[in-house]
1. Consider only pairs whose beta carbons are under 8 Å apart and that are at least six residues apart or on different chains; among these, list those whose first residue lies in the stretch 99-115 and is more than 19 Å from residue 49 (Cβ to Cβ) and whose second residue is aromatic (Phe, Trp, Tyr) and surrounded by 14 or more Cβ atoms within 10 Å (Cβ to Cβ).
2. Might you check whether a residue that is at pLDDT 90 or above, not basic (Lys, Arg) and not in a strand (DSSP E or B) occurs anywhere in the stretch 133-141?
3. Consider the stretch 36-62. How many of its residues are surrounded by fewer than 20 Cβ atoms within 10 Å (Cβ to Cβ), touching a Ser or Thr at 6+ places or on another chain (Cβ under 7 Å) and not in a loop (DSSP other than H, G, I, E, B)?
4. Taking the conditions exactly as written (closer than 17 Å to residue 116 by Cβ and at pLDDT 95 or above), does residue 80 satisfy them or not?
Amino acid sequence: MNVQAPASPTVVTQDCHVLMIEEEEGMRCVLLESPTYSLGRDKKNSIVLPASKAVSRFHAMLLRIPGSNSSGHSYRIVDGDATGKLSTNGVMINGERTTSHTLVEGDAIMLGNVKASYRLLTMSPSGLNHINVEGLDIRSTLPHTFNPNATLSGEQGSRSNGYSTSPPEEEELPPTMFFKKAPKKA
């Protein structure tokens with residue numbers, strides 16, 4: 001008699017790309033889902049940074065590019081706007097000034113005087129409802145109308161999931177969560 005052990009269930013994981021932006025009131029977390037983002041203090045940006053003279057109106061761009069992680073893509077931060085005009089105070093990644101950098105988990109980002117960090121979270125679908133980063137409980141509404149495998153090069157991942165790759169409507173903003181700073185202890 002040949003008895004086989006039951007096959008263990010396959011655990012499917014998904015990468016979540018998150019930009020965490022420090023602000024006076026607390027931490028803002030932006031779930032990165034779109035192929036491109038503009039960052040700056042102008043309200044026309046997809047990610048509006050805190051108003052500061054050290055932050056350019058159109059300071060930097062985030063571009064989704066093919067990558068080797070489980071989502072099949074990464075994000076590259078590029079100093080300046082879509083026309084190639086560099087920001088006044090530049091982009092610093094982990095303390096070094098750069099005009100372009102492919103982001104990796106934990107990168108510390110400075111845009112003028114605004115601090116941010118890039119997080120790449122890999123989790124199972126059951127874990128997507130409760131994401132905890134640096135002590136913050138992030139409840140996320142994940143992929144709904146985008147193709148997570150689309151990149152700027154137009155390459156598609158091997159998975160076909162039926163999501164639209166059309167750019168987001170102008171009024172659509174990236175999902176964000178805001179967390180107030182804890183009151184200072186006297």
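1. The qualifying pairs are 102/75; 104/118; 105/118; 106/118.
2. No, the stretch 133-141 contains no residue that is at pLDDT 90 or above, not basic (Lys, Arg) and not in a strand (DSSP E or B).
3. So the count comes out to 1.
4. yes
The values are calculated or read from the model by the stated rules, or taken from the named source; none is laboratory data. Quick caveat, the model's predicted, so the values are computed rather than measured. Neighbour counts are summed over all protein chains in view; Cβ atoms, including those assigned to glycine, are modelled from backbone coordinates with ideal geometry.
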